[in-house]
1. Scan segment 85-103 for residues that are in contact with a helix residue (DSSP H, G or I) (Cβ under 7 Å, 6 or more places away or on another chain) and more than 21 Å from Leu138 (Cβ to Cβ) and jot them down.
2. Looking for whichever is charged (D, E, K, R), in a strand (DSSP E or B) and on the phi < 0 side of the Ramachandran plot here; the options are Asp200, Asp270, Asp259. Which one fits?
3. For Thr171, all conditions in the list (1) among the β-branched types (Val, Ile, Thr); (2) out of contact with any Leu (no Cβ under 8 Å at 6 or more places or on another chain); (3) within 22 Å of Asn88 (Cβ to Cβ) hold save one; what is the number of the exception?
4. Consider Asp270 carefully, then state whether it is of a type outside the set (S, T, N, Q), open to solvent by 30 Å² or more (accessible area, probe 1.4 Å) and either touching a Phe, Trp or Tyr at 6+ places or on another chain (Cβ under 7 Å) or more than 24 Å from Glu183 (Cα to Cα) (or both).
5. Please work out which residue is modelled with the lowest pLDDT, limiting yourself to segment 42-84 and to residues that are of a type in the set (A, V, I, L, M) and in contact with a helix residue (DSSP H, G or I) (Cβ under 7 Å, 6 or more places away or on another chain).
6. Kindly indicate which of Arg193, Arg153 is basic (Lys, Arg) and within 19 Å of Thr65 (Cα to Cα).
7. Within the bounds of segment 235-252, is there any residue that is outside any loop (DSSP other than H, G, I, E, B), of a type outside the set (Gly, Ala, Ser) and more than 20 Å from the chain's Cα centre (by Cα)?
8. What do you reckon, is Glu183 charged (D, E, K, R) and under 21 Å from Glu99 (Cβ atoms)?
Amino acid sequence: GGGLRVHHSRAINAVTADLTAHCSFSGLVSVIIQMMDLAVDSPAASPAVAQKPSEKEDFKLSLITWNVDGFDLEKRPERSIGLVKYLNLYNPDVVFLQELVPPYVQFLKEQLVNYLMIEGGRKGCFTGMLLKKSRVKLVESEIVAYPTTKMMRNLLVTQVIVNGQKLCLMTSHFESCKENTAERLNQLHVVKRRFKCAPDDVTVVFGGDTNLRDAEVTKVGLPATVCDVWERLGKQEHCRYTIYLRPAIRRGVPHLAPDHMALVGLEKLDCGRYTSDHWGIYCTFSAE
């Protein structure tokens, strides 16, 4: 499912064990960056004659979505410090967070002053978004209720502008546990309606911890204009059911497409724990 829990994937654990056995934190960062093939943006990869990119080509977006297991904050404050280090390393435009608690939110506000924090709740655990102030302009935000949730879950929605382009950003933590299939279907229907009613000049991105199963996604279905980023980027098993995209479809508006997806948070911290009991996902998009 979309939760990406550390103990739910043998393949990912094998990769983690191999990396942590052979790499320091700085070494692991180098490995991750190589995997992400960021060299394409280096000066050496630039054409011999520098050309100013068009507005369409310059329309890019980077995003991290991560269930941060905020309930463990009091006993393991090192985990929140680890999250901040990863966010400073990747410097994403947008961050979707799940399982936040109020002290965790306050810590992030103090540490990440270059981001605007949008909270999806005030009590218990909830979702949140971090928007890079220099890149993302907030227009409005809203919390959409799931009427039948038993776990205080909801949909956090923001309308933003990036490089002059309109985006609708959504994150959620769907109902957990196998027996709550019916509620997850209800919640996915809410997200589906949001995709369908978005104006055609708006790019819509949804990401989060969905806990979805194959049959649940098939039963609800998604609009033909919506793509599963996991499917578009080669169906890596560990990134499944986590990010959905509906590009703007109006002529003359940049058509956003995913171009990379990778795990973050693979190294154990000095306390012996990972940054979370879930992996984070780093994803980049650019105009086609």
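The values are calculated or read from the model by the stated rules, or taken from the named source; none is laboratory data. These numbers were taken from a predicted model, which means no experiment stands behind them. Heads up, the Cβs are rebuilt from the backbone with ideal geometry, glycines too, and the neighbour counts pull from every protein chain shown. Remember, those area values only see protein heavy atoms, side chains included, never the ligands or the DNA or RNA. Shrake-Rupley method; radii C 1.70, N 1.55, O 1.52, S 1.80 Å.
1. Step one: list which residues in segment 85-103 are in contact with a helix residue (DSSP H, G or I) (Cβ under 7 Å, 6 or more places away or on another chain), which gives 89, 95, 99-101.
Correct list: Leu89, Glu99, Val101.
2. Numbers: Asp200 fails: in a strand (DSSP E or B); Asp270 fails: in a strand (DSSP E or B).
Sole residue among the options that is charged (D, E, K, R), in a strand (DSSP E or B) and on the phi < 0 side of the Ramachandran plot: Asp259.
3. (2)
4. Working: of a type outside the set (S, T, N, Q): yes; open to solvent by 30 Å² or more (accessible area, probe 1.4 Å): yes; either touching a Phe, Trp or Tyr at 6+ places or on another chain (Cβ under 7 Å) or more than 24 Å from Glu183 (Cα to Cα) (or both): yes.
Taking the combined requirement at face value, the residue satisfies it.
5. Of segment 42-84, the ones of a type in the set (A, V, I, L, M) are 44-45, 48-50, 61, 63-64, 68, 73, 81, 83-84.
Filter again for in contact with a helix residue (DSSP H, G or I) (Cβ under 7 Å, 6 or more places away or on another chain), leaving 45, 64, 68, 73, 84.
Values: Ala45: 34, Ile64: 97, Val68: 95, Leu73: 72, Val84: 96.
Of everything passing the filter in segment 42-84, Ala45 is modelled with the lowest pLDDT.
6. On the way: Arg193 fails: within 19 Å of Thr65 (Cα to Cα).
Of Arg193, Arg153, the one residue that is basic (Lys, Arg) and within 19 Å of Thr65 (Cα to Cα) is Arg153.
7. Kept after step one, since they are outside any loop (DSSP other than H, G, I, E, B), are these residues of segment 235-252: 237-239, 243-246.
Narrowing further to those that are of a type outside the set (Gly, Ala, Ser): 237-239, 243-246.
With the extra rule that they be more than 20 Å from the chain's Cα centre (by Cα), the set shrinks to none.
Within segment 235-252, not a single residue is outside any loop (DSSP other than H, G, I, E, B), of a type outside the set (Gly, Ala, Ser) and more than 20 Å from the chain's Cα centre (by Cα).
8. Values: charged (D, E, K, R): yes; under 21 Å from Glu99 (Cβ atoms): yes.
So Glu183 fits the description; yes.
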